[in-house]
Amino acid sequence: MSNPEEPANIGRVLSFLRDWDRGDRAVRGRMLSTFVGQSSGKTCYELEGQFAQVSSLFLARLTTWMRLTYIFGTFLGLQLRAIRIFLSASGHDQYLTEFLEDGGVLTLLDILSHAESKEEDKAEAVHLLLTVSNAGRKYKEMICESHGVEVIAEYLAKSNTEETQDTAWALLESLSHWNPKYQHLIYKSLIALMACRSPKAQQMVLHTLRVVQSKMKTAHHSIVEPLLNMLRSLHLDVKDEATHLILDLKCSEVRPVLLRGLVALLRPVQEDVKSQQITEEAEMMVMIGSLPVFVQQAAAAKTIRLLAEEDQEISHALVSLGVIQGLLCALGNKEHTDAQIQASLALKHFVRSFPVIEEHLERFMGRSLFAAFVNQAETFHMNLDETQAENLLTNKVNISMRQSKRGVVEVIESAKAKRKRTKTAVKEEETTASPSSYHTFTDPAAVLLLRSELLTWYDREKRELPWRTLALTEPDLNIRTYAVWVSEIMLQQTQVATVIDYYNKWMKRWPTVQDLSAATLEEVNQMWAGLGYYSRGRRLHEGAQKVVTELKGQMPRTVDSLLKELPGVGRYTAAAVGSIALGQVTGAVDGNVIRGLCRLRAIGADSTSPAVTEALWDLANTLVDPDRPGDFNQAMMELGARVCTPKGAVCSQCPVQSHCHSYRKVHVKQEQNSKKLLGKLGGKASSLHDIEDCVIGGTCRLCPSDPWDNALGVHNFPRKPAKKAPRVERTLTCVVIRRGDEGEEEYLLTQRPDKGLLAGLWEFPSLLLDEESSEMKQKGALCAVISGILGTSVTETLLQHIGDVVHIFSHIHQTYVVHIVHLKDLDTQTHTENTHWLSRAALQEAAVSTGVKKIVKLYDSVESQKEQTSKNGKKQNATGVKNNKKLPPSKKTKLGAESSGGRQLSLSCFFKAVKEES
């Protein structure tokens, strides 16, 4: 039997469509505004219910009206937002297919390319295209077949706002994924985009090119010229991305062309130099004194060094291309200091790698000048007079291929001999070499003064933190050691402000090691939830159980025993706990201390290298106060956290400023620049102070390999290796919901394995997305997982996509593609282990990760939006339904029959109205 309300619903919908067809521009605008306000966030099923199963009729009208009127801008933004409601609500391809059949993609692309379209309308069109692209491979292909890549690329090149650039870039990146048929087209369009003017767009294009290039089997030669031109950019981010892309291409077929181009940039043609004018960039609004061609010369020298350092074969190829002559030319370019510095560093690598080059350059430069170059390559350019610079600029040094080959053979033999040494021998050689006195504290009086100044400052300025208070006031040595151990484990990779609440709750629940030992791992995971790096909590629990069962409940009493007995305790943690809780006289080196010591003693080599690590521990053990070791170590950490910070060091507030080599170097550099300026203005410049530096320079294992950057100041130290880009993953996740016995919502959760990422925590059923499989297949696989848990069939049609959640781990860029499933009459009992139905209250207390909490927040926001929309709809019905008159039964029947035929009603009236309006 049919629903008695159905004819009334159909009548109401057809009345709405008739009003639309007959309405003028103002009427349709009001109707659109009402629809957008009431329907945002609705599902496909809710929209079908709202339009009595004929919602496609309204979508067709929207699409057609937009196609006819977008040129005039008639409520275009409202139309696009309304269409977005349909496309976002679809749990399958129904609305998307109908939108595309009505020419939706072509219209969106026309809006992007239309000169008169508003920026906000173009941005909305790009969002819609992104929704289409993300729907699957066939839709990506449809956009590409409509010449969409060129249109989107042109839009990205011309766009002026970062928000629209980001969206267009995301669309291009989306089109490049799972779209092998058009990957080459996207690749070529990205190459062409490098010529755009916006530095932000250039940076994004280069980044996307790196991603696409990694999937391409070949590299096109057209990439070389625009890529080399990117090295001319005055924006560091653009140059860095270009350099990284060149490094990525070092094993491709374009390598010979790239190497020749880089070498050619070292010796710019005189006409190119003359043709360059001092330019003004709109973004910077300052006059630039360095010619772009010389900026490009410096960047080429740096890139050549990075390539040569990575691959000996490339070094050989560069020598045969005349790189030495080009680097000497750049070294003699006194018009651009950075070109000289980068050329000097690159030349230093070739001298060290090829004995034949060393011989030639020593003869060419002369013994004394060459010795100065070898000892201080970074500052060599500062000592060049005009004659020497001119000789380098116009050099005719020639190293033949035969000589180059002879040098390479010697280097390969040397490398083989080095590889024969054991790793242990190499490490011992690196770490036992005595550092220069410049990087240490040789004066006992200076050490005593530094201790006094630092501890006086600490006593006055230290933060009151719960673990510090407990360490000072707790008389029980066992409890004190346990409490400090807990704080140090929590503080690993986590900020103090975050840790305080967790620490207080932890110590209130488990005030002793025995209490923690008696807890379950599930309880520990619940307490740790949201703090990150979850293996730390598990290690604390394991350690507590070991102390109780194997050490008779007594915490270790020395640094060595802490390091040996407690799982998850490393060198720093053992030293920190030992000095703070037990009064052991030992230094402690964490990230804050590394930064402070590197700046105090101008240690600029890689701070993670064995030589620097051992030097820093030696320094810390030299400086630590024997009477107050715990306070001294905490003072060093406090100094790094609050004064000697990574990017905003406040040197004026530093209590040990007088001991800092980095600060002195900045101060002397400023004095030199001021006095040079006075000299240029006509005054007589007084004698300049020399900057104290490491006397052994180039052979010192602690000195920086990169030149001093005046703009960075003390932030030149410490130097860290470039971070590896995080792995990008996408995970299909489903929030499965049922009604519990008491009517409240319950959520299905599964427990992760005991080892690996987020070990032992609870999560929603999830499946890692595989680019090789289609989205539909992967949805099917997720449904199979859920069906296996419940022992009943769950199909893809039940999945409703509600949005994406991004969560950044230290090494993974994770995107959760979130769906929901509401179960009603199905058997919802779990049939597998490690699965549970949890109420909302239990879920909030469960051991779940921050990513799961973000997914719950997304779900709540969607539900809240639905509820608000529902309330608004009811309110409008209460005030507006009274004027709606029911149609006579005969008319109802007739209209119902028409609607069941699937044909669009009153379309001639609709076209007539649109024509008159236009």
Inset, instruction - Could you pull out every residue, at least 5 positions away or on a different chain, whose amide H is within less than 5 Å of the one on residue 803? Hs are placed 1.01 Å off N in the peptide plane, and Pro or chain starts have none. - result: 818
Legend entry - Taking the range 119-222 and dividing mean pair separation by its residue count, relative contact order in percent (alpha carbons under 8 Å, at least six apart): 26
Legend entry - Fraction of accessible area attributable to carbon and sulfur, the range 103-233 (%, probe 1.4 Å): 52
Legend entry - Residue-normalised accessible area of the range 467-595, expressed per residue, 1.4 Å probe, Å²: 42
Inset, instruction - Would you please classify the overall shape of the range 758-800 from the alpha carbon gyration tensor, given that a ≥ b ≥ c denote the square roots of the eigenvalues, rounded means a/c under 1.5, and beyond that prolate means a/b larger than b/c while oblate covers the rest? - result: oblate
Legend entry - Flagged links, alpha-carbon separation over 28 Å, of 138/857; 462/669; 188/239; 505/546: 138/857; 462/669
Inset, instruction - Compute, for residue 139, the solvent-accessible surface of its heavy atoms (probe 1.4 Å) with the complete set of protein chains present, and express it in square angstrom to the nearest 10. - result: 10
Legend entry - Cα gyration tensor shape for the range 1-93, rounded if a/c is under 1.5, else prolate or oblate: oblate
Legend entry - Accessible area of the range 701-830 belonging to carbon and sulfur atoms, whole % at 1.4 Å probe: 51
Inset, instruction - At a 1.4 Å probe radius, which order do 351, 728 fall into by accessible area, largest first? - result: 728, 351
Inset, instruction - Would you please classify the overall shape of the range 788-867 from the alpha carbon gyration tensor, given that a ≥ b ≥ c denote the square roots of the eigenvalues, rounded means a/c under 1.5, and beyond that prolate means a/b larger than b/c while oblate covers the rest? - result: prolate
Legend entry - With DNA, RNA and ligands ignored, accessible area of residue 359 (1.4 Å probe; Å², nearest 10): 80
Inset, instruction - Give the distance, in whole Å, between the Cα centre of the range 23-76 and the Cα centre of the range 555-624. - result: 66
Inset, instruction - Could you provide, to the nearest whole Å², the per residue accessible area of the range 730-824 with probe 1.4 Å? - result: 46
Inset, instruction - Can you send over the carbon and sulfur percentage of the accessible area for the range 484-613, probe radius 1.4 Å, protein chains only? - result: 50
Legend entry - When each of 665/720; 42/215; 140/777; 217/302; 122/181 is checked by Cα-Cα distance, pairs over 29 Å: 42/215
Legend entry - Protein-only accessible surface order, largest first, of 396, 239, 871, 215 at 1.4 Å: 396, 871, 215, 239
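The values are calculated or read from the model by the stated rules, or taken from the named source; none is laboratory data. Keep in mind it's a predicted model, so treat the numbers as computed, not measured. All accessible areas refer to the heavy atoms of the entire protein, side chains included, with ligands and DNA or RNA removed. Shrake-Rupley method; radii C 1.70, N 1.55, O 1.52, S 1.80 Å.
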